[in-house]
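First up is the structure itself, then whatever we jot down about it.
The values are calculated or read from the model by the stated rules, or taken from the named source; none is laboratory data. From a predicted model like this one, the values you see are computed outputs, not experimental measurements. All Cβ positions, glycine included, derive from the backbone under ideal geometry; neighbour counts span all protein chains shown. Accessible surface areas use protein heavy atoms only, side chains included; no ligands, DNA or RNA. Shrake-Rupley method; radii C 1.70, N 1.55, O 1.52, S 1.80 Å.
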Amino acid sequence: MEEATEQEAAQVVQVENTKLREVITWAIFVAAVATVLLSMYNVWTMIGLITGPLIHLGLTTFIISMAFIRRNPTKIRVVWIVIVQLAAWGALIYIYTAQHEILAKLGFASGPQVVFMMLLMIVTFYYSWIMFGPVFAVTAGLFAFYTYTGNASWLPDVLRTADTTFGRATSLLAFQAVGGTIINFSFSFLFMLLIMGSILQSSGGIGFVWTISRGITRRVSGGPGLVAVLSSSTVATFTGGGAANAGITGVVTIPMMKRAGYTPEKAAAIEAVASVAGGITPPILGAAAFIMADFVGKTYFDIIIITAIPAVLFYLGLATYIVFSAQRDRIVMEVESEIPVIPRQQFLMQMTQLVIPMGVLIYLLVQRLSIQLAVFWTLVVTLALWAFFYLLSRAGIVNAQEEWKNARRNIVQAAILASGIAMAAATLDVMLSAITQTGLGLRVASQMADWGQGSLVLTLIIAIVASYFLGLGLPPLPVYVITAVLLAPALVRLDAEMIVAHYVMYYTALVFPNINPPVASTVLVTGQMAGANYLKASIEATLFAGGAMYLPFLLFFGPELLLVDGFSPTFFHIFALTAVTIIIGQAGLAGYFLVRQNWPIRIIGMTTPVWTFTYLNTRDPLWEIIALGAVALVVLYGLLGKRFIKNA
């Protein structure tokens, strides 16, 4: 009898929790809509220097609090997060009411102002902890702590700063959390952009992507693997890539690859690598791209142009490794039976809802509209198309119910992600304020130049390694911001072009930690989906992304690939050499080019990028001849081997 009573009580609690989660989901949805409307209103009516970000933080902290409760709605968690939320709102409201006085006396805050500004910093760091884990929040705290203690006698001379007061440091640090560049990006367009991506996802654009991918890759060696590459790269154009991208496409591509004969580890690796590249795939890049545009003084459209060729080379390396390894392992599979056929009417509807908004976004950026206006009008077009097809569906002309049934869920997920980015933005602005106040950027750049001993190659290696290790504990966005402020200047001091130095830091922050062990965060997601061994899957991901590993070095010493001089004859020369290098390098890693390769030929193929890198660094034609000679040897070995097998 007691057991029955306990079971009934457990069922009651479960039902109550389900109802509570439903209420919370609607609360997040309403807050997301309010946040988007606020950003859209700000496009035409400037709300104020810090008023808009203050309201934005108020809404996004609420969304994170609701997500925190929804994850595990226990009484203790509810009470705790309510206290934190009230503290956040209290600090934001006080700063809003005193903003004119704070701005007039910035750096000379009064006692109550210091208290509330310190409170704002603490709750911002805590919400970043909720979304990204303790490492990011603790790192931000250390930067802030350094601002207060930079003049301490126990610090080495290279790190010691000028004297400051507690009130001055707190005032300048906390003000950046609501008035900094990055939080303004979040408020102005990043939140809108992510919600727009979720609407495109909900409108059935994925079905259109599957159909196109199936048509391109059918009857090709490694077909299912190439479907993963094509679908992930296409979906990344409106999601920005990463683990979210893998979650959308991996549910179809990973089982498909496993049925075709790929091991779970290889299936997880392919999907992870293809998804990670979303951050460098235009037109919608990772959030760090908008910050890079501000750092280097370029428009967002310029960044799109700069990132186009590296994205092509990245996917070229991944696709060639998939094809070569599939031919080596005799994986051939028709993918037509794996992806359901979509009725023509539905296909056209999905195509319209994906292609038109993306076309509008690209057109507006080409016309040099600000990213804020471009995102605003693209979102308006997306919503208009959504409403149009909804009316057609209600009239029975088209069937769009399947596409829209998950719309609220997708928008809620995007809102939680966007709110996390808002917290990261505020936290990063505090960190940038700490770096500026202490002069840490100049000190680190000077120290790196000493470590590199004046060698650009050695300094680049130090910067990339540092970026990788930072990425073991931090999300890509803060990794890029930290390396861009602290490490990129050291490269620029040694005559590297600013955009090249920043792009390499951007690339390594987004790609390296996400697919390389021991962290490989995106592989962790795809590995769980595939039922794969995590470590083996991350090693496979490193192999599949072999071209991506040496691409930063080729880009750094071949700035023509970033179109710094446009489509010049030199660009086509360097692009052709780099593309061939990547193909042959991947063939060496796979051990196959037309035929299976022996180890001497594999080593020749794998070292081809070294000779190309040396040529780009020195511009000595001898190294290009050596690189092309290595390519010729690998190709000749494959042709002769295939002919020998055919004659036998």
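Here are some notes:
- Whether region 419-484 is rounded, prolate or oblate, judged on the alpha carbon gyration tensor where a/c under 1.5 counts as rounded: oblate
- Each Cα pair under 8 Å and six or more residues apart adds its separation to the average, and for region 449-583 the resulting relative contact order is 18 percent.
- Carbon/sulfur fraction of accessible area - region 542-648, other protein chains in place, 1.4 Å, %: 73
- Charge dipole of the chain about the Cα centre (unit charges at C-beta), most positive-ward option of Gly439, Val360, Phe136: Val360
- Cα shape, the chain, gyration tensor, a/c 1.5 rule: oblate
- Rounded if a/c under 1.5, otherwise prolate or oblate - region 20-129, Cα gyration tensor axes: oblate
- Couplings 3J(HN,Hα) of region 377-385, computed from phi: 5, 5, 5, 4, 5, 4, 5, 5, 5 Hz, in residue order, whole Hz [Karplus 6.51 cos²θ - 1.76 cosθ + 1.60, θ = phi - 60°; x for Gly and Pro].
- Hz values of 3J(HN,Hα) by residue in region 131-138 - Karplus curve (6.51, -1.76, 1.60), Gly and Pro given as x: 7, 10, x, x, 4, 4, 5, 5
- Computed from point charges on the beta carbon alone (+1 for Lys and Arg, -1 for Asp and Glu), the dipole magnitude for the chain about its Cα centre is near 1060 Debye.
- Cα-based Lys proximity count in the chain, under 28 Å, for pairs eight or more positions apart or on separate chains: 6
- Ordering Gly317, Thr164, Gln345 by Cα displacement along the dipole of the chain toward the positive end leaves Gln345 in first place; charges were set at the Cβ atoms of Lys, Arg (+1) and Asp, Glu (-1).
- When you count the other C-beta atoms within 10 angstrom of each residue and take the mean per peptide, 442-450, 74-82, 226-234, 591-599 line up highest first as 226-234, 591-599, 442-450, 74-82.
- Under the Karplus curve 6.51 cos²θ - 1.76 cosθ + 1.60, θ = phi - 60°, whole-Hz ³J(HN,Hα) for region 617-633, x wherever Gly or Pro sits: 6, 9, 6, 8, x, 4, 6, 5, 4, 5, 4, 5, x, 5, 4, 4, 4
- The mean sequence separation of alpha-carbon pairs under 8 Å and at least six residues apart, normalised by the residue count of the chain, gives a relative contact order of 17 percent.
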